């Protein structure tokens, strides 16, 4: 079997005397959605921030496509085609979709002026693929629904050829219908061979979207399970009690 | 282009009505409407004196100084800051330029009075002064994270009195002859050059319009119907021609013409009539408006200014250096204060201690009446200029009608608050 897309080995991070992430090892394959679950403070966001370069790690190794990677800041992560979609939609509300998609990476004409027309054309192209119902290209994104806003954020990651996507509770701010739309997007990205780490609280959601799930508790990995082989109650047991079901692979944080 | 994307661009949607087809910003229409209303009311009250070429000419030169600064205040307010120091900064720039013209170049450099190099030296020094002070205030705000309100409130006191110190409180004048060309009535283009300017402006505006349409067609975006483009082009051309015609219609008094000819050593032909044309200060304002609009809409700097105003955290995550951006915004504001200082001091032909007093409030009011939201992220350059024009029209109209001074300020203050209220209601209705 080929090397996984991403392999995090023995990742560590401490704040003061607290081990926020304590020797955690997980992996991700192309075209796979892997959940990262746990209570608030379980260390799941910290683990993902070390992958996205937003936080420096104390120890551990990141391997991408079978080679060890050097990721010390967000720009390094970007070079490995790792993009992050943040929990609180990181868009400038007063700008339109194209301006947000290209924010910080604008296309310019040879004279150095913004090439808004090309940026809009590219935005229409990518959004037609992700969300064919998206029509409002000239209104500020503040006027869009949560789902449409999230598709702009996702388009940003996809346009710049993300191979590895980190989604930090992408549906936390969305309604039922919009959540379904994001779920469809995730399915679509998955079919295109993009690997996705999905941080989520909602077990139902994880069961629906993910192939595998990692559960963390107090900074340690409780275990890794294939979501089809366990029940929601099994996963709840992992999160609350730290008890790994027989079908899962227990981690260092599992109780005996 | 795939099938889905051309479906998304869709065929030209049938416009709901005449104005929708023209795609004119309704807020712009509202402001122009308010301005026309003010003009009509004052014309009726003054038996038409308000709308004479002479008064319109005066309105434009009275508006120039505040309008130039208001374009910079748009950037400041869009990035969620405020600048209370612009009037004082104007005074410092004016003092620096006045001292250079009356002391440094004639005496220290030994160039004498009215040397051709005097005005350029003074202007460059003034702009550097404004730029440096603005950048310094921006650094205090962006890097040391002192609130802009506090930094510029301090600046309000500091720069007003730096100006006083530089001039030892004296009125400095008369200013250099060439420098005074920026003062309005003392420097105009004349009829011929005004018409040439109009021709260039029309060609330029139509080219921009044509180019925008061509780009849209190239990318298969929906475009306006051709008749709508023609209507807009005609309105723009008519506005430019009308504006220049009015300024040209303000005739130079015969006695003054005779003096001009006498100064050149010529004899004035009998029955000669000449109009003032476009004042150089207004030309400067037009230039500033064009440059600032391009910066706002067509450059990364402008995009980042608006993005940061809309969501500072998102902008930082996108890799924008918001601290340095703050320095740039206040530096631009400072440079514009220097330009306004040129216009303001040359208009009164001398530097006085109280120059630019209360301008900070007029400038902020102009930007806000023009639709700039104090919550950040929203504002337009043309709006701020129209805001300045509306305030100046109200003020000078009331003065012509003979409204008592206290009532003038009461009305202007009320208009400011009502204008913002209308804007809030409008935004709530349209949802943008």
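Read-outs throughout are calculated quantities, based only on the coordinates presented, and are distinct from any laboratory measurement. Since the structure is predicted, the reported quantities are computational estimates derived from the model, not experimental observations. Glycine gets a Cβ as well: all are built from the backbone with ideal geometry, and neighbour counts include every protein chain shown.
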> Between residue A:39 and residue A:160, what is the label-to-label distance in nm when each label sits 7 Å out along the Cα-to-Cβ direction?
Replying inline: 3.6 nm
> Anyone know which of B:201, B:419, B:318 comes out most mobile in the 10 Å Cα GNM of chain B?
Replying inline: B:318
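Test of understanding: ordering A:220, A:156, B:213, B:256 by Cβ neighbours within 10 Å, fewest first, what list do you get? Mind dumping the intermediate values first?
On the way: A:220 20, A:156 24, B:213 15, B:256 12.
Ascending Cβ contact count within 10 Å gives the list B:256, B:213, A:220, A:156.
Between residue B:146 and residue B:43, what length in nm is gained on full extension when 0.36 nm per residue of separation is reduced by their alpha carbon distance? Show your work: numbers first, answer last.
Details: separation 103, 0.36 × 103 = 37.08 nm, distance 4.77 nm.
Here the answer is 32.3 nm.
How much space per residue, in cubic angstrom, does the convex hull of the C-alpha atoms of the protein assembly as shown take up? Intermediate results must be reported in sequence, preceding the final value.
Values: hull volume 139.1 nm³, N = 688.
So the per-residue hull volume is 202 Å³.
Could you calculate the contour length gain from residue B:206 to residue B:170, that is, 0.36 nm times the residue separation minus the distance between their Cα atoms, to one decimal place in nm? Write down the numbers at each step before the final one.
On the way: separation 36, 0.36 × 36 = 12.96 nm, distance 4.91 nm.
Fully extending the segment from residue B:206 to residue B:170 adds 8.0 nm.
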> Can you give the mean number of other chain Cβ atoms that lie within 10 Å of the Cβ atoms in peptide B:220-230?
Replying inline: 1
> Build a GNM of chain B with springs between Cα atoms under 10 Å: which of B:343, B:223, B:295 gets the top mean-square fluctuation?
Replying inline: B:223
> So what's the gap between the Cα centers of the range B:207-244 and the range B:390-432, to the nearest angstrom?
Replying inline: 32 Å
> If you take the beta carbon distance between residue A:142 and residue B:417 as r and set R0 to 25 Å, what does 1/(1 + (r/R0)^6) give as a FRET efficiency, to the nearest 0.05?
Replying inline: 0.50
>> Residue by residue through B:380-386, how many Cβ atoms from other chains fall within 10 Å of the Cβ on average?
In response: 0
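Using helices alone, what [θ] at 222 nm do you get for the protein assembly as shown, with -39,500 (n - 2.57) per DSSP H run of 4 or more residues, divided over all residues and rounded to the nearest 500? Write down the numbers at each step before the final one.
Values: 25 runs with 381 residues, N = 688.
-18000 deg cm²/dmol, from helical runs alone.
Would you mind classifying chain A by shape? Square roots of the alpha carbon gyration tensor eigenvalues, ordered a ≥ b ≥ c; an a/c under 1.5 is rounded, otherwise it is prolate if a/b is larger than b/c and oblate if not. Don't jump to the answer; show the numbers that get you there.
Details: a/c = 2.10, a/b = 1.61, b/c = 1.30.
Verdict is prolate for chain A.
How do A:221, A:51 line up, fewest other C-beta atoms within 10 Å first? Each step should come with its number before you reach the end.
On the way: A:221 28, A:51 25.
Least crowded to most crowded, the residues run A:51, A:221.
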> Could the peptides B:239-249, B:124-134 be put in order, highest first, of the mean number of other beta-carbon atoms found within 10 Å of their residues?
Replying inline: B:124-134, B:239-249
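Which of the peptides B:363-371, A:91-99 is most tightly packed, and how do the rest follow, going by the mean number of other Cβ atoms within 10 Å of each residue?
Values: B:363-371: 27.9, A:91-99: 24.1.
Descending packing order for the listed peptides: B:363-371, A:91-99.
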> Counting other C-beta atoms within 10 Å, which of B:360, A:187, A:169 has the fewest, and how do the rest follow?
Replying inline: A:187, A:169, B:360
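Calculate the FRET efficiency for residue A:107 and residue B:230 from the Cβ-Cβ distance with a Förster distance of 25 Å, rounded to the nearest 0.05.
Efficiency for this residue pair is about 0.20.
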> What residue among B:417, B:74, B:208 shows peak mean-square fluctuation when chain B is described by a Gaussian network model with Cα springs under 10 Å?
Replying inline: B:208
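Within 10 Å of each Cβ in A:114-124, how many Cβ atoms from other chains are there, averaged over the peptide?
Values: counts 7, 2, 4, 7, 3, 0, 5, 8, 1, 0, 9.
Neighbouring Cβ atoms belonging to other protein chains average 4 per residue here.
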> Using the alpha carbon gyration tensor of chain B, what are the three equivalent-ellipsoid semi-axes (square root of 5 times each eigenvalue), largest first, in whole Å?
Replying inline: 36, 30, 22
> So if we plug the beta-carbon distance of residue A:180 and residue B:214 into 1/(1 + (r/R0)^6) with R0 = 30 Å, what FRET efficiency do we get, rounded to 0.05?
Replying inline: 0.15
> Using alpha-carbon positions, what is the distance between the centroids of the range A:160-202 and the range A:5-50, in Å?
Replying inline: 18 Å
